[in-house]
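None of the figures in this text is laboratory data; all of them are computed from the coordinates on show. None of the values given here were measured: they were computed from a predicted structure. Methodologically, a virtual Cβ is constructed for each residue, glycine included, from the backbone with ideal geometry; neighbour enumeration extends over all protein chains shown.
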């Protein structure tokens with residue numbers, strides 16, 4: 001499987017571990033950075049992961065920041081990308097099976113390497129169920145992405 005992986009400075013060490021683990025597992029890893037633990041802004045790397053997934057350059061994406069929350073928000077701003085922060089294996093597989101999640105977001109300050117490895121393995125092993133109810137819900141999400149929010153109460 002081709003996997004884009006990125007992180008900010010807080011996720012750099014966990015990303016390095018996962019890049020090595022994924023490569024050893026036979027995956028093709030597209031590392032979009034960062035390349036050190038010097039302070040950077042997570043949206044830049046979340047965008048790079050999301051663009052690779054949206055452009056179908058890769059099959060799935062993994063993004064890591066300190067908590068996972070900011071990166072999760074950022075990857076979901078790119079249409080066609082469905083990412084979620086997951087710190088348990090149930091969410092990591094269910095997010096794919098029911099919600100067609102294509103980006104796993106991890107919080108490096110929340111999970112250790114062993115759990116992160118299990119989460120990634122679970123995420124990559126899961127498949128979208130194709131059940132009618134799940135397809136219907138994903139179609140509704142796609143309509144939300146394509147909606148023009150100009151003039152809607154609460155928009156800029």
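Against the main long axis of the alpha-carbon atoms of the chain, helix 113-125 sits at an angle near 50°. Pairs of Cα atoms nearer than 8 Å and 6+ residues apart set the relative contact order; for the chain it is 22 percent. In the chain, the longest principal axis of the Cα atoms and the axis of helix 132-146 are about 80 degrees apart.
Against the chain, whose longest principal axis comes from its Cα atoms, helix 12-24 is set at around 90 degrees. Ordered by the number of other Cβ atoms lying within 10 Å of each residue's own Cβ, fewest first, 115, 106, 22 fall into the sequence 115, 22, 106.
Considering helices alone, the calculated mean residue ellipticity of the chain at 222 nm is -14500 deg cm²/dmol, with DSSP H runs of length four and up weighted by -39500 (n - 2.57) and normalised per residue.
Summary of the geometry: the stretch 10-49 and the stretch 54-87, compared by the centres of their Cα atoms, lie 12 Å apart.
Identify which of 97, 121, 56 has the largest mean-square fluctuation in a Gaussian network model of the chain, with springs joining Cα atoms closer than 10 Å. Per the Cα network of the chain with a 10 Å cutoff, 56 tops the list.
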